[in-house]
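Notes follow the structure.
The values are calculated or read from the model by the stated rules, or taken from the named source; none is laboratory data. These numbers were taken from a predicted model, which means no experiment stands behind them. Virtual Cβ from ideal backbone geometry, glycine too; neighbours counted across all protein chains shown.
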Amino acid sequence: MTAEFTLSCVLFDLDGTLVDTAPDLISCLNHALSQHGFANVAPEAVKPFISYGAAAMIRASVPSNDDTLMTDILATMLDHYQDNIAEHTVFFPGMQNTLAAIEERGLKWGVVTNKRERFTNPLMDALKLTHRAACIISGDTTANPKPHPEPMLTACRQAGVNPQQCVYIGDAEHDITAGKSAQMKTLAALYGYIKPGDTPENWGADAVIASPEHLITWIASCP
């Protein structure tokens, strides 16, 4: 850790980093596939694509190049997801203690996700996190989603912190790119939805973390 770095705010990606949304997303995907005449997919086959959005999950599940069909499946999935936003979603093991430890240190924390506001805000409410977060930035809050730095910088303005005093944690390469573009420290979450063939250690993050508890250790090393 560089001596000039002082941590003020911890920013999280949402799906695959702060909370495990896979059970709900995959359930809603399979509901949509069934509605359109396709077989269900196994969770392990599609979970690595969650960080890239629902459309990516569908492309990984449906052997079709029919754009109209894909759009219809996506609409069915997202409508069902909106009505079942937090049926099975849970915190990753240790994450609740990690958030408590962040707050006990007097640090701010927030969320920067490419998830749309129509899903992010109800999910944060359902998990009773909205009032605790210093900022909540979704994929359509700003004109440009990650990996563009705009959502990261907007989060800092909302939280009242400088980007250079933030660390961003995510489980996809575009998360690390976004954080670095905003001059933040970055951590790659190995416990998240890592795609086969991904090499998080080569994304350029300041460190990789194997668990939420590992984040506490990293924070403890900050001045």
Name the residues in the stretch 81-98 that are surrounded by fewer than 16 Cβ atoms within 10 Å (Cβ to Cβ) and over 16 Å from Leu14 (Cβ atoms), would you? Asp83, Asn84, Glu87, Pro93, Asn97
Consider Pro196 carefully, then state whether it is modelled with pLDDT under 95, surrounded by fewer than 17 Cβ atoms within 10 Å (Cβ to Cβ) and closer than 29 Å to Pro43 by Cα. yes
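Right, Ala60: surrounded by fewer than 18 Cβ atoms within 10 Å (Cβ to Cβ) and within 27 Å of Ala155 (Cα to Cα) or not? Give the derivation first.
Details: surrounded by fewer than 18 Cβ atoms within 10 Å (Cβ to Cβ): yes; within 27 Å of Ala155 (Cα to Cα): no.
No, not satisfied.
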Working only within the stretch 99-116, note down all residues that are in a helix (DSSP H, G or I) and either surrounded by 15 or more Cβ atoms within 10 Å (Cβ to Cβ) or of a type in the set (Phe, Trp, Tyr) (or both). Leu99, Ala101, Ile102
Is at least one residue of the stretch 131-145 of a type in the set (Val, Ile, Thr) and touching an Asp or Glu at 6+ places or on another chain (Cβ under 7 Å)? yes
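With the stretch 117-223 as the region, which strands (runs of 3 or more DSSP E) entirely inside it contain at least 3 residues that are in contact (Cβ under 8 Å) with a residue 12 or more places away in the chain and under 30 Å from His80 (Cβ atoms)? Explain how you work it out, then say what you get.
Numbers: elements: 135-137, 166-170, 185-189, 207-209.
The qualifying strands (runs of 3 or more DSSP E) are 135-137.
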Selected residue [farther than 23 Å from Asp206 by Cα, modelled with pLDDT of 95 or more and touching a Pro at 6+ places or on another chain (Cβ under 8 Å)] from Thr120, Thr177, Thr142: Thr142
Is it fair to say Glu173 is in the same structural domain as Glu103 (by TED's automatic domain parsing), charged (D, E, K, R) and touching a Phe, Trp or Tyr at 6+ places or on another chain (Cβ under 6 Å)? yes
Scanning the stretch 201-214 residue by residue, those out of contact with any helix residue (DSSP H, G or I) (no Cβ under 8 Å at 6 or more places or on another chain), under 22 Å from Lys47 (Cα atoms) and not hydroxyl-bearing (Ser, Thr, Tyr) turn out to be Glu201, Asn202, Ala210
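Here are Val90, Val111: which of them is closer than 16 Å to Ile169 by Cβ, at pLDDT 95 or above, of a type in the set (A, V, I, L, M) and within 16 Å of the chain's Cα centre (by Cα)? It would help to see each step written out before you state the result.
Working: Val90 fails: closer than 16 Å to Ile169 by Cβ.
Just a single option satisfies the conditions, and that option is Val111.
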